[in-house]
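Let me begin by presenting the structure, written as C-alpha cells, before commenting on it.
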Amino acid sequence: MILSKNLKNSTKKYYHKHSRLREDLMFVKQIQVGQFAIFAYIVGCKTTKEALIIDPAAEESRLLEEASSKGYKIKYIVNTHSHIDHIMGNRRMKELTNAEIIIHEKESRSLINQSPHMMNMFNAEPSPPADITVREGDTVTIGRVTLKVIHTPGHSPGSISLYNDGIVFTGDTLFVGAVGRTDLAGGSWEVLASSIHEKLFVLPDETIVAPGHNYGDSAKSTIGREKVYNPYVGQRAGY
C-alpha cells in the first residue's frame, strides 16, 4: 500500500519530530539484505561495544564487516521468528562470530525442522539449534542496552518484537503501512490483529517501528503513524 506524497512527507516530519531513541547509548543500523527485502539490524551498546544481529538472513560477511568497522563484537543472533527467509543466515553468522542464537520457545523446533522444499527453494543452509529460548517479558541485554521481548504471535506462533525505549523491532508482525501475512502454517489474522493492538499499539506513539521487510514507502515508521494510517489495523481501517 503506497501512501500519497503528502502523507509520505508528513510521516517523515512526524518521525524526526517525535522519535526519542537513546542515540547516546544504543547503536542501531538497519541493513537490507538478500533478495527478499529483508531488514537485518545491528544493535549495539556504544559503551561496551557488545552487539547483536536481528534476522541475519543473507550477506553475513557484509553485516559482520559493518559491525566490526564500528568496533562492535556480535554476542547474539536474534530471530524474530523461524521462517526460512529470516533464519537462513544463522549458520554462517554463527560460524563467523560464535554468537548464541536466540528465538522464542514456540519457534525453537521449527527453527531446525524446515521443509526440504522450502530449503531448496530458498537455496538455504539449515540453522543450528537455538542456544537460548525466550518468552514474553524476557530481556536480551548487550552491555548497557536491554531489549524487552514482546510475544507478538499471528504471523507465526512464536513471533517476537523487541522493544527498547524509543524503538521496537517488529519482524513480520507490523510493517510500514502493512502487516505480516497470516496464511502460512500457524498464522492467524485474529491473533495478529490482537498482538498489534494489545502489544504494539500500547507503546508510546513516538516509538520508532523498525520492520522486518522493506515493504513500505519508507524504511521506518512510528507507532503513532501506524495506529492512524495503517490500512489493515489502523484507525482508517475502522479500528
What list of ³J(HN,Hα) couplings, whole Hz, do you get for the range 68-76 from phi and the Karplus terms 6.51, -1.76, 1.60, once you set θ to phi - 60° and write x for glycine and proline? 5, 5, 9, x, 9, 10, 7, 9, 9
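Taking the mean number of other Cβ atoms within 10 Å as a proxy for protection, how do you rank 203-209, 186-192 from highest to lowest? Present the calculation step by step, with values, prior to reporting the outcome.
On the way: 203-209: 19.4, 186-192: 17.0.
Packing proxy ranking, top to bottom: 203-209, 186-192.
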Residues meeting the amide H criterion for His104 (H placed from the backbone, H to H distance under 5 Å, 5 or more places apart or on another chain) are Val134
GNM result for the chain, Cα springs below 10 Å: residue of Glu95, Glu125, Glu59 fluctuating most strongly: Glu95
Karplus ³J(HN,Hα) for the range 41-55 (6.51 cos²θ - 1.76 cosθ + 1.60, θ = phi - 60°; Hz, whole; x = Gly/Pro) runs 10, 9, 10, x, 8, 5, 7, 9, 6, 7, 8, 9, 10, 8, 6
Pairs of Cα atoms under 8 Å, at least six residues apart: use those to get the relative contact order of the range 87-207, whole percent. 19 percent
Give me a comma-separated list of calculated 3J(HN,Hα) values for the range 124-135, in order, Karplus coefficients 6.51, -1.76, 1.60 applied at θ = phi - 60°, integers in Hz, x for any Gly or Pro. 9, 8, x, 7, x, x, 5, 8, 9, 10, 10, 9
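Over the range 22-86, what is the percentage of antiparallel beta bridges among all DSSP beta bridges, to the nearest 5? Mind dumping the intermediate values first?
On the way: 12 of 17 bridges.
Taking every DSSP beta bridge with both residues in the range 22-86, the antiparallel ones total about 70 percent.
Which pairs break 26 Å Cα to Cα here: Lys199/Lys220; Lys148/Lys220; Lys49/Lys106?
On the way: Lys199/Lys220 18 Å; Lys148/Lys220 19 Å; Lys49/Lys106 30 Å.
Beyond 26 Å: Lys49/Lys106.
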Counting only residues 5 or more places away or on other chains, whose amide H sits under 5 Å from the amide H of Ser156 once H atoms are built in the peptide plane? none
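If packing is taken as the average number of other Cβ atoms within 10 Å across a peptide's residues, how do 44-54, 72-82 rank, most packed first?
The densest-packed peptide leads the list: 72-82, 44-54.
Restricting to the chain, what percent of DSSP beta bridges are antiparallel, rounded to 5?
Working: 28 of 43 bridges.
Around 65 percent antiparallel, to the nearest 5.
Values quoted throughout were computed directly from the atomic coordinates according to the rules given, and no laboratory measurement underlies them. Since the structure is predicted, the reported quantities are computational estimates derived from the model, not experimental observations. Glycine gets a Cβ as well: all are built from the backbone with ideal geometry, and neighbour counts include every protein chain shown.
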